[in-house]
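*Asks:* Got a structure for you, written out below as structure tokens; questions coming shortly.
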Amino acid sequence: MTNLKAILVCVLLLFSLAKVQAQIIQVTEIDRGSSRSISLAEAQIIDINASLEINLSKTELLKMIAEQYPQYTQQTALESKINAISDALLNQEAILNSLILGVENVESQQQFFDLMELFLMTIGENEMLSQRYEILSEAYFNLENHETLNMEAYIFSRFNADALELKEQLKLMEATKYNVSLVAFKKDKLGGDRVHVQNFDTYTERDYVTIERWVTSLSDSQEEQIAGLAEKAKTNEAKTLRIFESLKTKLITYLPNLDCVQAQKENLMTLLNNPETYGDLTADITLQANELFSRLNALSSMVTAFKSDIGSWTITTPFELKTNLENFSKNSKHLTEDFELLESLSKAIERLRPKFDQLFQGFEPCVLEFEAYFKVVQETLTLLKLQQSNYIVNKTIGDEVHRFSIDNLPSKGFINLKGTGSRTNGDELVLEVVLRVPSTLEGAPEQQFLLEQRSFYMQLIGARSEVAVGMILANPIGSTNPAIDPARSFFYAPSASILLKFGSKSSYFYNEFVDLGVGLNFAASDFDTDGTPEFGTGLVVTGFKDIISFGINYNVTLDEPYWFFGINLPFNLPGLPINSVKN
């Protein structure tokens, strides 16, 4: 037994020297038969087809709650003690069985020592358990008949009694009950979606999709692109943009007429500068009239900017201009308020009333026009917000998410990324541990507090193949073929490449920016410009998401080697030149 105490002292010393960065959420990636723990110190990149084992540390969870919410200090202190004892006693039954029945072979003996080492390590990690272990050890040796008792059995029994006593104290404590939930969701270009975590919610999995590692053929969209089927591509794109285009049309149709605004600005300034009314204008009227003039100027400038910009809006623009549209709505409201205040001030002076009444008669149609457009903007904003609401709704904690007390909180959850539907490199998986506190007001929703969040980026890690299409500029090498115009240095040619690429589990920069690829290129050049494509093939190197490419090909049709480069921007350039066909 002295040896056992010596082992404990060594374990305590080791843990006092070790510094471990503790987290509530601990994630292990399981992929193709291997597993790895993902610490905060490394890149948070996971394989797009992997499964995840999520472990929640009750110890760190209770620490976090105690630190951030002092009102639960006493409750979490008791729960921490109970949890620590439960962790220590996790393998007590196996240890006691080995002591009672004896170890039959070397394998059983090794298992017993492994379990004892784990028990002592758990004791060593916790100061309260360490102190209690020392007290129980001394108490054991002070027993008159301690030789007839097993020390481990005695210590286990006392720890069990301690746990029962602490649980009784927790029941008697008058404290606000809280629960804990683990939620997960996926963020992508379309917004986001809820992700099922086994043991923590009852959400159903989405379509089961395995992202293919080896791709050797063109997708439908790539075939359309390389064949130049522009009309079909436009038709497909129109389906996506139809709603957006209708919103653009609506905004343009209802834009206020600035002729009315300009006329009223001139009438207002004429009235203010009129010698007949100048002496009757009070400081308040002058100030309010100038405020109204400034408001009209601001709205006029905003409408002018809208008219020039709306035509070039893309599908993402409304989300970028959301703040501007809201400011437009606020200014429209202020215009009405300024108008009404000026009208009220002018009516107090009898001599000014006729001239201001004439001004207001011309103002009212302008105000009504702005109010109508304000309503259109409000409706449009509502529609645009609905487009964004998918991600927000999916973040809401629904009834499908289980709520747990610390005592019954599962230690593990599991996510199969293949069951989360369609995914692409760069999509994000977010895990959140949420504290849920019942409201003290009847009928009011519960309060929810984010305790910890971890984000992981999905990537097809390791070797994979991709097919890329784009335009290249081909330059024949030392050509003497009379069919090729010697004055031409470069010829445009559509091409497709089969590329070998590698996904990194440690570098965001490489995955999102560098993204090198090497492989075979197939191009349809037209060096003799007779309108008939020529077949060429060779080697290519690409980088930066295939934006830049460089390679050497061989024009099989004309028996001509050539080198080429390509710059395939992620947007279209108007007026891109093509090879002119000879008549």
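*Asks:* Got at least one residue in the range 413-425 being open to solvent by 60 Å² or more (accessible area, probe 1.4 Å), closer than 30 Å to GLN68 by Cβ and β-branched (Val, Ile, Thr)? Can you show your working first?
*Replies:* Here is the first cut: in the range 413-425, the residues open to solvent by 60 Å² or more (accessible area, probe 1.4 Å) are 414, 422, 424.
Narrowing further to those that are closer than 30 Å to GLN68 by Cβ: 414.
Still in the running and β-branched (Val, Ile, Thr): none.
Taking every residue of the range 413-425 in turn, none turns out to be open to solvent by 60 Å² or more (accessible area, probe 1.4 Å), closer than 30 Å to GLN68 by Cβ and β-branched (Val, Ile, Thr).
*Asks:* Any idea which residue in the range 485-522 is surrounded by the most Cβ atoms within 10 Å (Cβ to Cβ), counting only those that are at pLDDT 90 or above and among the acidic types (Asp, Glu)?
*Replies:* ASP515
*Asks:* While we're here: Residues in the range 453-484 that are under 22 Å from LYS63 (Cα atoms) and open to solvent by 20 Å² or more (accessible area, probe 1.4 Å): how many? Please lay out each step first, then the result.
*Replies:* We begin by selecting, within the range 453-484, every residue under 22 Å from LYS63 (Cα atoms); these are 453-455.
Subset that is open to solvent by 20 Å² or more (accessible area, probe 1.4 Å): 453, 455.
Going through the range 453-484 one residue at a time, the tally reaches 2.
*Asks:* Output the residues belonging to the range 58-70 that are surrounded by fewer than 19 Cβ atoms within 10 Å (Cβ to Cβ) and closer than 24 Å to GLU165 by Cβ. Can you show your working first?
*Replies:* Taking the range 58-70 first, the residues surrounded by fewer than 19 Cβ atoms within 10 Å (Cβ to Cβ) are 59-60, 63, 66-70.
Listed by number, the residues that qualify are THR59, LYS63, ALA66.
*Asks:* Could you tell me how many of the residues in the range 360-371 are surrounded by 15 or more Cβ atoms within 10 Å (Cβ to Cβ) and free of Cβ contacts under 8 Å to residues at least 24 places away in the same chain?
*Replies:* Number satisfying all stated conditions: 1.
*Asks:* Of all residues in the range 154-192, how many are among the aliphatic types (A, V, I, L, M) and surrounded by 15 or more Cβ atoms within 10 Å (Cβ to Cβ)? Steps first, answer last, please.
*Replies:* Just the residues of the range 154-192 that are among the aliphatic types (A, V, I, L, M), to begin with: 155, 161, 163-164, 166, 170, 172-173, 175, 180, 182-184, 190.
Keeping just the survivors that are surrounded by 15 or more Cβ atoms within 10 Å (Cβ to Cβ) gives 155, 163, 166, 170, 180, 182-184.
Of the residues in the range 154-192, 8 are among the aliphatic types (A, V, I, L, M) and surrounded by 15 or more Cβ atoms within 10 Å (Cβ to Cβ).
*Asks:* For the range 1-91, list the helices (runs of 4 or more DSSP H) that sit wholly inside it and hold at least 1 residues that are farther than 28 Å from SER507 by Cβ and at pLDDT 90 or above; which are they? Spell out how you get there, then give the answer.
*Replies:* On the way: elements: 2-17, 58-68, 73-88.
Fully inside the range 1-91 and qualifying: 58-68.
*Asks:* Which residue pairs have Cβ atoms closer than 7 Å, lie 6 or more positions apart in sequence or on different chains, and pair a first residue in the range 341-359 that is open to solvent by 40 Å² or more (accessible area, probe 1.4 Å) with a second residue that is assigned to a helix (DSSP H, G or I) and among the β-branched types (Val, Ile, Thr)?
*Replies:* That search, which allows pairs on different chains as well, returns LEU345/ILE285; LYS355/THR277.
*Asks:* (1) in contact (Cβ under 8 Å) with a residue 40 or more places away in the chain; (2) loosely packed, with under 14 Cβ neighbours inside 10 Å: which one isn't true of LEU441, the others all being true?
*Replies:* It is condition (1) that LEU441 fails.
*Asks:* Oh, and also: Step by step: first the residues of the range 528-551, then only those that are touching a residue at least 24 places away in the same chain (Cβ under 8 Å) and part of a strand (DSSP E or B), then the one that is surrounded by the most Cβ atoms within 10 Å (Cβ to Cβ). Which residue is that?
*Replies:* The selected residue is VAL540.
*Asks:* Can you work out which of the residues in the range 132-155 that are farther than 18 Å from LEU120 by Cβ and outside any helix (DSSP H, G or I) is modelled with the highest pLDDT?
*Replies:* Restricting to residues being farther than 18 Å from LEU120 by Cβ and outside any helix (DSSP H, G or I), the top hit is LEU143.
*Asks:* Report, by residue number, each residue of the range 264-292 that is of a type in the set (Gly, Ala, Ser) and part of a helix (DSSP H, G or I). Outline the logic, then answer.
*Replies:* Step one: list which residues in the range 264-292 are of a type in the set (Gly, Ala, Ser), which gives 279, 283, 289.
Matches in the range 264-292: ALA283, ALA289.
*Asks:* How do the strands (runs of 3 or more DSSP E) wholly within the range 402-504 filter down when requiring 3 or more residues that are assigned by TED's automatic domain parsing to the domain that holds VAL556: which remain? Quick ask: steps written out before the conclusion?
*Replies:* Numbers: elements: 412-416, 428-437, 447-459, 462-476, 491-503.
Fully inside the range 402-504 and qualifying: 462-476, 491-503.
The values are calculated or read from the model by the stated rules, or taken from the named source; none is laboratory data. In this text, all values refer to a predicted model and were calculated from it rather than measured experimentally. Quick reminder, even Gly has a Cβ in these numbers, built from the backbone with ideal geometry, and neighbours come from all protein chains shown. Ligands, DNA and RNA are stripped out before the accessible areas are found, and what is left, the full protein with its side chains, is counted by its heavy atoms. Shrake-Rupley method; radii C 1.70, N 1.55, O 1.52, S 1.80 Å.
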